[in-house]
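Visitor: Sharing a structure, written as structure tokens. Questions coming.
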Amino acid sequence: MEEHAQDFLLRDGFLLLGTALIFVLVFRRLGLGATLGFLLSGAVLGPYVLDLIGDPESKLGIAELGITLLLFIVGLELAPARLWRMRHEIFGLGLLQVTLCGLAVTGVIYLFTGFSLQASLALGLPLGLSSTAQVLPMLQSAGRLHTPFGERSFAILLFQDLSIIPLITIIAAMNRNPALPAGPPGWVLGLETVAAIAGLILAGRFAIRPLFRLIGNLGEREMFVFAALFTVIASAALMQALGLSTALGAFIAGVMLADSPYRHELEADVEPFRSILLGLFFMSVGMMLDLSAIAERPLFVIAMALTLIAVKSSIIFGLGLAFRMEWRSALALGLLLSQGGEFAFVLFAQASNAMLVDGGATSLFSAIVTLSMVTTPFLMMATRRIRERPASTERREEPQDDGANALVVGYGRFGQTVAQMLIAADIEVTLIDTDIEMIDVASGFGAKVYFGDGTRIDLLRQAGAAEAELIVFCIDGDQLSEAFVHAVHRAFPRAEIHARVYDRRALLRLKDAPVRSMAREVMESAVVLARRALEGLGVSLEDIKRAEDTYRVRDRERLSAQSESGDLRTGRDHILTQPTREPRGN
């Protein structure tokens, strides 16, 4: 039995990954985005087409962790101070969007479908929510998450997650199922939510941060991955136990760690799991797409999906204008958030258990949500020319985030001097080091140093290397290889690379690497000390300069000869030797 189950697991994994790989590559090539590829690959594998994968609902339960991880990563990018700055968009724009869109869709369902008012509310209010799992990756891939447009989009999505609590309360209040136990009152849910958030804040401050500090001192990267996943799952489990949004719990945990020195390491460790599980989530949604329900009432499903998109995009467009957005940005906001969201599936299931709607209506409206998700990439492509400003008047939105212009890897004796000079020249600097004690000392002097291994490409990317104009490696020892430097240059071609090297051997090894400049770690300080020693002997400044110039010319010539031959023994004739002196007489 166990062997049989393992065979099915391997077969399902092979089919899911292989089909997703093909579809996503094709749809990426066509410029339609990965989400649509995942949805359609799931539909092809699902029970209504090839029926090669069984029980999509169980896979959806696991895959929902992808949304949880996504919100955790987003939380890591939003420090509490920045979140407070966004409070007007969250509780102003977000509240109006959820209320107006939910009531408008409810009105459409009530007027044109024959459902009762209670059933219309149970279906319409969830349809007012959008897909966080679809929209946030689209903003991230376009590099717009930290622009004013991206912040408004995120503010709406965040309030939608918060609105799960009152929506659950509304559906529970309309319950017609006598066998279903009555849920707690709304005010109890509200108090539980506040208590859970306060608990997460305290845990982040007094338990999670010390845990990461301990792991950082041990230098065990695998334990960082374990601790990161534990933090996400524990915060999500707490919210789930209270009947609240698991994604909201993970988001709060992320925000509590956003201003910690472990932020970039956590992002780099969690990101691969997020990508895989989020892809599996969309595949599961595609597998659950009830094609028979669409086949029975195709005009209704298509008409309702188009109506949902039209109603939501119109309302959000109007709200964008009311909040002083330029009309092109307001239109983009409306289209981007026009689809139904993943939380609609959860709320539909609750409405079905409460006997507000039957299983047929649940399948039908779930198909409407999925179809609306499919349309989003096409809408964004079709309206690109309308939404984009003309070239003559185009004005790029600058990120609101305090992104770095320079990335300094290594904050020891050498890196501190480099960083201080860059800061003195008004360059924004992100600092990375693996020494926890050094990070603590630096924070005591007001410097913000992030924990992480700067020889990992994924961590450099999370730290902002893609936007950096300068990457300076100031790490101790002989850790840089030519292959690594080439990899950094390929990954971040915009950034100039400068490096501290251990000695002339390291310098010669990196001679063909794309490094703008290299500095031997002790050469310049040795030259300075030699100059001061000569001054102490009373040698004139002119002779001191001549001695320094002679040494530097000889050293460059020797390096050039060694570089050409590849042999450190080359160029011995360029080494300065003691002058021959006559022996002293009596």
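The values are calculated or read from the model by the stated rules, or taken from the named source; none is laboratory data. No experiment lies behind these values; they were computed from the predicted model shown. Cβ atoms come from the backbone with ideal geometry, glycine included; neighbour counts cover every protein chain shown. Ligands, DNA and RNA are stripped out before the accessible areas are found, and what is left, the full protein with its side chains, is counted by its heavy atoms. Shrake-Rupley method; radii C 1.70, N 1.55, O 1.52, S 1.80 Å.
Visitor: M518 versus (1) touching a residue at least 12 places away in the same chain (Cβ under 8 Å); (2) surrounded by fewer than 16 Cβ atoms within 10 Å (Cβ to Cβ): which is the lone unmet condition?
Guide: Here M518 clears every test but (2).
Conditions tested, residue by residue: (1) more than 28 Å from F154 (Cβ to Cβ); (2) modelled with pLDDT of 85 or more; (3) surrounded by fewer than 23 Cβ atoms within 10 Å (Cβ to Cβ); (4) not acidic (D, E).
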| position | (1), (2), (3), (4) |
| --- | --- |
| S392 | yes, no, yes, yes |
| Q400 | no, no, yes, yes |
| G412 | yes, yes, yes, yes |
| Q416 | yes, yes, yes, yes |
| A419 | yes, yes, no, yes |
| A425 | yes, yes, yes, yes |
| E428 | no, yes, yes, no |
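Visitor: Can you find a residue that is closer than 23 Å to A468 by Cβ, modelled with pLDDT of 85 or more and hydroxyl-bearing (S, T, Y) anywhere in segment 480-488?
Guide: yes
Visitor: Further question on the same structure: Checking the structure you have, find out if any residue of segment 126-142 is in contact (Cβ under 8 Å) with a residue 24 or more places away in the chain, open to solvent by 60 Å² or more (accessible area, probe 1.4 Å) and either touching a Pro at 6+ places or on another chain (Cβ under 6 Å) or of a type outside the set (V, I, T) (or both).
Guide: Yes, there is a match, as at least one residue in segment 126-142 is in contact (Cβ under 8 Å) with a residue 24 or more places away in the chain, open to solvent by 60 Å² or more (accessible area, probe 1.4 Å) and either touching a Pro at 6+ places or on another chain (Cβ under 6 Å) or of a type outside the set (V, I, T) (or both).
Visitor: Taking T580 and the conditions (1) modelled with pLDDT of 85 or more; (2) hydroxyl-bearing (S, T, Y); (3) open to solvent by 60 Å² or more (accessible area, probe 1.4 Å), which numbered condition does it fall short on, given that it satisfies the others?
Guide: (1)
Visitor: Of all residues in segment 28-44, which are under 19 Å from Q339 (Cα atoms) and either among the aromatic types (F, W, Y) or open to solvent by 50 Å² or more (accessible area, probe 1.4 Å) (or both)?
Guide: Within segment 28-44, F38, L40 meet the criteria.
Visitor: Evaluate the following for A491: is it open to solvent by less than 40 Å² (accessible area, probe 1.4 Å) and closer than 16 Å to G454 by Cβ?
Guide: yes
Visitor: Return the residue satisfying two criteria in turn: it lies in segment 527-567 and is within 16 Å of D503 (Cβ to Cβ) and surrounded by 12 or more Cβ atoms within 10 Å (Cβ to Cβ), and of such residues it is modelled with the highest pLDDT.
Guide: Among those residues, the one meeting the criterion is V527.
Visitor: Next question, about the same structure. Which count do you get for residues in segment 138-163 that are part of a helix (DSSP H, G or I) and at pLDDT below 80?
Guide: Qualifying residue count for the region: 4.
Visitor: Of the conditions (1) open to solvent by less than 20 Å² (accessible area, probe 1.4 Å); (2) touching a Phe, Trp or Tyr at 6+ places or on another chain (Cβ under 6 Å), D433 fails just one. Which one is it?
Guide: Against the list (1) open to solvent by less than 20 Å² (accessible area, probe 1.4 Å); (2) touching a Phe, Trp or Tyr at 6+ places or on another chain (Cβ under 6 Å), D433 comes up short only on (1).
Every residue, every condition in (1) within 30 Å of T430 (Cα to Cα); (2) among the basic types (K, R), yes or no:
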site	(1), (2)
I457	yes, no
L470	yes, no
F484	yes, no
R500	yes, yes
R509	yes, yes
R556	no, yes
Q562	no, no
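Visitor: Pick from L321, L336, L289, L299: which is more than 27 Å from the chain's Cα centre (by Cα) and either buried (at least 19 other Cβ atoms within 10 Å of the Cβ) or of a type in the set (D, E) (or both)?
Guide: Within the list L321, L336, L289, L299, the selection yields L289.
Visitor: On to the next question. I need the full set of residues from segment 414-468 which are of a type outside the set (G, A, S), out of contact with any helix residue (DSSP H, G or I) (no Cβ under 8 Å at 6 or more places or on another chain) and closer than 17 Å to R490 by Cβ, in order please.
Guide: E467
Visitor: Further question on the same structure: Name the residue, out of G92, G102, that is open to solvent by less than 10 Å² (accessible area, probe 1.4 Å), of a type outside the set (A, V, I, L, M, F, W, C) and in contact (Cβ under 8 Å) with a residue 12 or more places away in the chain.
Guide: G102
Visitor: Shifting gears a bit: Scan segment 112-167 for residues that are among the charged types (D, E, K, R) and under 15 Å from G33 (Cβ atoms) and report the count.
Guide: The number of residues fulfilling the criteria is 1.
Visitor: Here's something else I'd like to know. If the Cβ limit is 9 Å and pairs must be 6+ apart or interchain, which residue in segment 70-88 that is over 21 Å from S235 (Cα atoms) pairs with which residue that is in a helix (DSSP H, G or I) and not acidic (D, E)?
Guide: Here the result reads M86/R152; M86/F154; M86/A155; M86/L158; R87/A155; H88/A155, each pair linking segment 70-88 to a residue that is in a helix (DSSP H, G or I) and not acidic (D, E).
Visitor: To continue, here is another question. Name every residue in segment 429-443 that is of a type in the set (S, T, Y) and not in a strand (DSSP E or B), in order of residue number.
Guide: Within segment 429-443, T434, S443 meet the criteria.
Residues are listed down the side, and each one gets a yes or a no for (1) under 24 Å from the mean Cα position of the chain (by Cα); (2) aliphatic (A, V, I, L, M):
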| position | (1), (2) |
| --- | --- |
| G31 | yes, no |
| T35 | yes, no |
| Y48 | no, no |
| P56 | no, no |
| I62 | yes, yes |
| T68 | yes, no |
